[in-house]
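Participant: Take a look at this one; I'll ask things after.
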Amino acid sequence: MKKSIFSYTTLFISISYSLFANASSAIKSKENQTNEVLKVYSTPLHTPQEKMAIPVAVLTQEDLRTNRSASIAETLTSLPSFHASFFGGGSVHPVIRGMSGNRVKVLHSGSDLMDVSSIGADHAITSEPFLSQRIEVLKGPATLLYGGGSIGGAINVIDSKIPMSVPEKGYEGELQYQYDSVSKGNTGSIGLTLGEDNLALRLEGTKRYQSDYKQPAPLHQGESSRLTGSYQDNQSANIGASWILNDGYIGIGYGEQHRRYGLPGHTHFHDHEEEHHHHAPIRPPLIGHHHHDHNHEYPDEQHQHGIPYIIMDSKRWDLRGEKNNPFTGIESIRFSAARTDYHHDEKEGNEVSTSFKNKGDELRLTFTHQPIWGWHGVIGGQFNQRDFSAQGEEAYIPSTKTKNHSLFLLEEYQLGDFRYELGFRQEWQSLLNKETQKNNKQSASSISAGLAWNFTQDYFLNLSLSHTKRLPVAEELYANGVHAASRTIEKGDPNLTAEAANNIDIGITKVTGDIQFNMSAYYNRINNYIYGQFTGAELNNGYRSLQYVQNDAQFKGIEGNIDYYYNQDSLIGISGDYVRANLLHNKGNIPRIPPYRLSTYLKHHLTENLSGQIRIDHFGKQTKTAEYETSTASYNTVSLSSEYNGYLDQLDYTLYAKINNIFDAKGKDSTSYIKDEMYLPGRNIILGATLTF
């Protein structure tokens, strides 16, 4: 297969060379760069956000300036229908409309991360918010654009690793620093872009250390209030270079990421049942023990029993390019290629218990054609493969090789105040079990239709219908062993078939005036929904047996926000979201679903440069739980923030301060595997600064 990958890459480079060979040079402005980011990555047809048939939330550089957190999921938690699922501090996963895991894709500039985060809740997502320039969240099925079963949604993190323009003054950069009190954490990042004539060079990196975070209270009397094993130590660095032209660019980038983080609640499997014939010594749970200050560097080295932790390394190459008007009938051609070499060890003390490796390749090529009979669209193809292996005592998934090929088409037609959208995607997947040499081959077709109606000057009605499919992944087909993160003994089913999701989404948006709002309602019926079903009571070591099965399911909900601008930049607003997810035919509830949330907020500009905000969030109780799942109580959080924007010569700077969860509310995360062993972070004072030049 390596030969075929290199053949594909050679083809891409050959195409790019032929397209760019006779192009003339020019320097793009900063404004044009922003437009390129929107055009290339977010909406292939350059559609304004309010005219999208599917709901899309966008966080610009200005929005991210003071909202960046240690993870992508935490950065986005203020968005309606978006929640963060905590496995301590080092691994936090996004939940969109009640869906997570392999049903929600996190991408970097349209490319798959190719880590192993979808395989386990204790596996971190290799996306760094402090190196992002823009984040877009596609709610609902995003299978047509990104494939791979993203029927819950997709998060596209747009980065600056590969420059798309030459800085006007020959250089530009940014510095960021953030401190948080709840984990005594420090995060710093730096980015610098240099350029002259047609060549641009990008250098960037980040460093973060956070110790075990402080909970509002200890779970049990006599225990520490800090969540043992919730620390993290991360660093990443990227370098990229591009050749910039007046009608395109081509660039290459390389990045490395290294992480070490603890695993709260992650206990190894010690079976007391005779039929398993396993007689390892019993260890007490690793949550809530006292720290013993031995002056070691990491909390796991201070703990008398040893805290499991992960050491992760990821290396990635990216190749991207675009050419406008390459030949008659085609407005633009874009391509990307990525190769990732991912590895992590799960350790206790100095011993490696399990090693995970994932080598991934992805190629993507799209053509935007000029209107044909009024229809304007994009046609493209995508290929990716994953070579995955796990070895050790918790290698519950066999080594597999997954190959996925796809073709897709997205078209739009504008007629007066109506914008129509049609899409189609066809996927072919083969998933080889290397241990048995059995190859699971399946295909899936997905279609969508959408309407955006600008029925008055300020109002848009958005409607989308879709029939999408998600092919089963390796753990659902071939799992066979202990999964310590969820404390389960998992068994896959190689006969599982594709999920078929039928989704309707309707929304109304008002984008100008003193009152602005965005509200949506959706219904998603999923035939052959794949989930892990507990097959018996809890064993006396705390583990349960879990079998992957299929049943019909439904997700339905509402979400939205209403803002009143009582001044040009000052507003008061409310937002909220609710999702109900259950199995049909009286089979029960789907596990780990977020509760409803209601929020109110006030943002006021005291001066042109100084603003402040107060936000109150109410999280409802979650009692609609699956079998063997515990409920969670309601709780409220109050947060304050202030931001000052200043200008000094050619430097722009922002100083900000925030206090999250002022009253130290005790909240539990209903979406977490370890919700019964942890509280969410308590009162947190955050101080930060950004500098751009």
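Any read-out appearing in this document is the output of simple, stated calculations on the displayed coordinates, not a laboratory observation. Just so we're clear, the structure is a prediction, and the values are computed from it rather than from any experiment. Every residue, glycine as well, gets a Cβ built from its backbone with ideal geometry; the counts of neighbours run over all protein chains shown.
Participant: Taking 7 Å along the Cα-to-C-beta vector as the label spot, tell me the Val638-Trp375 distance in nanometres, rounded to one decimal.
Facilitator: Modelled inter-label distance: 5.7 nm.
Participant: Give me the number: length gained by fully extending Gln442 to Ile616, i.e. 0.36 nm times residue separation minus the C-alpha to C-alpha distance, one decimal in nm.
Facilitator: Between Gln442 and Ile616, full extension yields an extra 57.9 nm.
Participant: Can you list residues whose amide H is under 5 Å from Gly149's amide H, if they're 5+ apart or on another chain and H is modeled 1.01 Å from N?
Facilitator: Leu471
Participant: Want the number for Asp341 to Trp428: 0.36 nm per residue separation, take away the alpha-carbon distance, what's left?
Facilitator: Stretched out fully, the Asp341 to Trp428 stretch lengthens by 29.0 nm.
Participant: Evaluate E = 1/(1 + (r/R0)^6) for Ser570 and Asp676, where r is the Cβ-Cβ distance and R0 equals 41 Å; express this FRET efficiency to the nearest 0.05.
Facilitator: 0.45
Participant: While we're here: Between segment 78-144 and segment 530-603, what is the C-alpha centre distance in whole Å?
Facilitator: Using only Cα atoms, the two centres lie 15 Å from each other.
Participant: Between Phe693 and Ile515, take the C-beta separation as r, use R0 = 35 Å, and let me know the FRET efficiency to the nearest 0.05.
Facilitator: 0.35
Participant: Give the relative contact order (percent, whole number) for the chain; include only Cα pairs under 8 Å separated by 6+ residues.
Facilitator: 11 percent
Participant: Spelling out what I want: for every residue of segment 58-69, take phi, set θ = phi - 60°, compute 6.51 cos²θ - 1.76 cosθ + 1.60 (Karplus), and round to whole Hz; glycine and proline get x.
Facilitator: 10, 10, 7, 4, 5, 5, 6, 3, 10, 9, 4, 10
Participant: What span do the alpha-carbon atoms of segment 360-411 cover on each of the three principal axes, reported in whole Å from largest to smallest?
Facilitator: The Cα atoms of segment 360-411 stretch 60, 15, 11 Å along their principal axes.
Participant: Starting from 0.36 nm per residue, how many nanometres of slack lie between Asn586 and Asp63 once their C-alpha separation is accounted for?
Facilitator: 184.0 nm
Participant: Calculate one ³J(HN,Hα) per residue across segment 508-514 by plugging θ = phi - 60° into the Karplus curve 6.51 cos²θ - 1.76 cosθ + 1.60, and present them in order as whole Hz with x for glycine and proline.
Facilitator: Computed from phi, the couplings for segment 508-514 are 9, 9, 10, 10, 9, x, 5 Hz.
Participant: May I pose another question? Name all residues of segment 181-221 having a backbone nitrogen under 20 Å from the label point set 7 Å from the Cα of Asp664 along its Cα→Cβ direction, giving them as ranges.
Facilitator: Once the point is set 7 Å along Cα→Cβ of Asp664, 181-185, 211-221 turn out to lie under 20 Å by backbone N, inside segment 181-221.
Participant: While we're looking at this one, here's another question. Net charge around Thr632, counting only other residues with Cβ within less than 12 Å of its Cβ (Lys, Arg = +1; Asp, Glu = -1)?
Facilitator: Computed value for this residue: +3.
Participant: For an R0 of 25 angstrom, estimate the FRET efficiency from the Cβ-Cβ distance between Asn350 and Asn480 and round to the nearest 0.05.
Facilitator: About 0.30, to the nearest 0.05.
Participant: Rank by packing, highest mean first: peptides 399-406, 80-87, with packing defined as the count of other Cβ atoms within 10 Å averaged across residues.
Facilitator: 80-87, 399-406
Participant: Gap in Å between the Cα centre of segment 627-663 and the Cα centre of segment 148-195?
Facilitator: Taking the Cα centre of segment 627-663 as reference, the centre of segment 148-195 is 19 Å away.
Participant: Rounded, prolate or oblate: which one fits the chain, using the alpha carbon gyration tensor with axes a ≥ b ≥ c (rounded when a/c is under 1.5, else prolate when a/b beats b/c, else oblate)?
Facilitator: Rounded.
Participant: Using just the helices of the chain, give the 222 nm mean residue ellipticity in deg cm²/dmol: DSSP H runs with n ≥ 4 each add -39,500 (n - 2.57), and the total is spread over all residues, rounded to 500.
Facilitator: After summing the helix terms and dividing by the residues of the chain, the value is -2000 deg cm²/dmol.
Participant: Using only the Cα atoms of segment 186-271, build the gyration tensor, take square roots of its eigenvalues as a ≥ b ≥ c, and label the shape rounded, prolate or oblate: rounded if a/c is under 1.5, else prolate if a/b is larger than b/c, else oblate.
Facilitator: Verdict is prolate for segment 186-271.
Participant: Next question. If you add up the charges near Ile372, with Lys and Arg at +1 and Asp and Glu at -1, over every other residue whose beta carbon is less than 14 angstrom from its beta carbon, what do you get?
Facilitator: With Lys, Arg at +1 and Asp, Glu at -1, the neighbours total -3.
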